[in-house]
Amino acid sequence: MTSLLDPLIAFVSAHPWLGYLTLFLAALLEAVPVVGAVIPGSTVILALSALVPGGELRLEGVMAAAAAGALLGDATAFWLGHRSQRAILGAWPLANYPRLIEESETFFRRWGTLAVLFARFVPPVRAFVPITAGSLGMAPWKFYGVNFIAVLAWASAHTLPGVLAVSAMHRYAGLPHHEHVGKHLWMYAVVGGAAILALAIRTMRRRRGGAVKPAK
């Protein structure tokens, strides 16, 4: 996979604006049901984030492009499910993937609101949970609120490791790197971690003492 991405990385290094577009499309397509099960969006995002320490791409732009694509993809899938209800789960092309539909339903019924957060990190269920949540009647305000936090956490988890690793290599090899990267990494890590922890604690408290039911 790395060898296949080498030409893309080289091209993006020479055309930075296309890098942000590629990140946006990778995150968007990975959130589309069926398509997201085969698109290596996470790999592309991790690979292109390695261009941040050298200055070819900026950390804010990388995270914003990835988050925007994921938010749009998830929001569209949820809206389609909410509008069509369960009928869409039996329609083409979803009807060709009964196992994944069943897994996403089980995942959602088991975890309720937290399924929207957890699914962001569980491929290929990630591409099916938003449309499943919509079709099973989850309240839109609840989905969009939790999904916003989930996407921010997901974008951080898929960009910061690559940035950290390459930044450390630059320092070790004495290569030029941008000093602002380290400060921003700490800020994103602290804010993202605090948001996830607060959401998890709030949800667990609401569901303490009983079985987890689908969120509505």
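The values are calculated or read from the model by the stated rules, or taken from the named source; none is laboratory data. Since the model is a prediction, treat every value here as computed from it, not as a measurement. In this analysis, Cβ positions are derived from the backbone assuming ideal geometry, glycine residues included, and neighbour counts consider all displayed protein chains.
Here are some notes:
- Residues that are over 20 Å from Thr76 (Cα atoms), at pLDDT 55 or above and not in a helix (DSSP H, G or I) occur at least once in the range 155-176.
- If you check Gly41, Gly54, Gly81, Gly134 for being buried (at least 20 other Cβ atoms within 10 Å of the Cβ), at pLDDT below 85 and not aliphatic (A, V, I, L, M), only one passes: Gly41.
- Index of the failed condition, Leu18 passing every other in (1) over 29 Å from Pro140 (Cβ atoms); (2) surrounded by 15 or more Cβ atoms within 10 Å (Cβ to Cβ); (3) modelled with pLDDT of 85 or more: (2)
- Long-range neighbours under 7 Å by Cβ, at least six apart or interchain, first residue closer than 16 Å to Lys142 by Cβ within the range 99-113, second surrounded by fewer than 19 Cβ atoms within 10 Å (Cβ to Cβ) and among the aliphatic types (A, V, I, L, M): Trp111/Val212; Gly112/Val212
- Of all residues making up the range 53-70, the number that are touching a residue at least 60 places away in the same chain (Cβ under 8 Å) and either under 13 Å from Leu23 (Cα atoms) or among the hydroxyl-bearing types (Ser, Thr, Tyr) (or both): 7
- Residues being outside any loop (DSSP other than H, G, I, E, B) and either modelled with pLDDT of 85 or more or exposed (fewer than 15 other Cβ atoms within 10 Å of the Cβ) (or both) - total across the range 21-38: 11
- Filtered by the rule that a residue be among the charged types (D, E, K, R) and under 24 Å from Ala27 (Cα atoms), the range 77-94 gives a lone residue, Arg83.
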